[in-house]
């Protein structure tokens, strides 16, 4: 008998679960979760969004089999899918959950069941709708980004540099990009002063984007190089103007 289960009955689209919570719940009920590669788990720990959908189902004489596709959007913009097989071994028995990293493994596991492996009662389209995630403004590169943010804040000499709350958020940074927003020397009355402005854009673990604005200049009494860091471009540019005025 065909039983076209509604997807919402299994994974409510309105679920407030985070991608990490969704993964932990899946692994917690799967009998073979310990077989998943460590690298797969590490990738999913940094996922930005997730989606779960029913892929196929077959029900006959008290036996059932459903397969579900669980897809996560990763920080680098790629997607990673796990396949869940849910079935019972005796008519009316308790469901068993298994999880696999690709469809080939899923098909091999399905073939071991009493139900026909290749003739599901219905097959849902393979397209998966991911939860909406804003398109990143920058092209990010994963490269010890949290440590980069820490070192940038540490070398900043201005007393009004970003506070501890922003620094704490930046510890979750998974990627970053550096771009020059302003550069070149400026003429002061008694010296030739150099100013450069850089945007350090960070992609955080929750998908948010945060930028630090670095001012590098030589507008110091002895002409030495100085680094200042601000939480906004406007604040950084005003700081540059103040420094230039002090030496003019």
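Find the centroid of the Cα atoms in the stretch 203-231 and in the stretch 14-62, then give the distance between the two in whole Å.
For the stretch 203-231 versus the stretch 14-62, the Cα centre distance is 40 Å.
If we sort 64-73, 97-106 on the protection proxy, mean other Cβ atoms within 10 Å, highest first, what's the order?
Numbers: 64-73: 21.0, 97-106: 16.9.
Put in order of decreasing packing, that is 64-73, 97-106.
Taking the Cβ-Cβ separation of residue 31 and residue 154 as r and a Förster radius of 35 Å, what is the calculated FRET efficiency to the nearest 0.05? Walk me through the intermediate numbers first.
Working: r = 47 Å, r/R0 = 1.35.
That pair, residue 31 with residue 154, gives E of 0.15.
What nm distance separates the two modelled labels at residue 178 and residue 224, each placed 7 Å from Cα along Cα→Cβ?
With each label placed 7 Å out from Cα toward Cβ, I get 2.1 nm.
Stretched out fully, how many nm does the piece from residue 17 to residue 206 gain, at 0.36 nm a residue minus the Cα gap? Mind dumping the intermediate values first?
On the way: separation 189, 0.36 × 189 = 68.04 nm, distance 1.27 nm.
Here the answer is 66.8 nm.
Based on the mean of other beta carbon atoms within 10 Å per residue, what is the order of 161-172, 201-212, most packed first?
Descending mean neighbour count gives 201-212, 161-172.
For the stretch 145-247, evaluate the Debye formula with one uniform point scatterer on each Cα (no solvent term) and list log10 I(q)/I(0) at q = 0.24 Å⁻¹, rounded to two decimals.
Log10 I(q)/I(0), no solvent term: -1.26.
Measure out, as a whole number of angstrom, how far apart the alpha-carbon centroids of the stretch 73-98 and the stretch 135-180 sit.
Taking the Cα centre of each part, the stretch 73-98 and the stretch 135-180 sit 37 Å apart.
Bear in mind these aren't lab numbers, they're just calculated from the coordinates by the rules spelled out. Every value quoted in this text rests on a predicted model; they were computed, and no experiment measured them. Backbone-built Cβ (ideal geometry, glycine too); neighbour counts: all protein chains shown.
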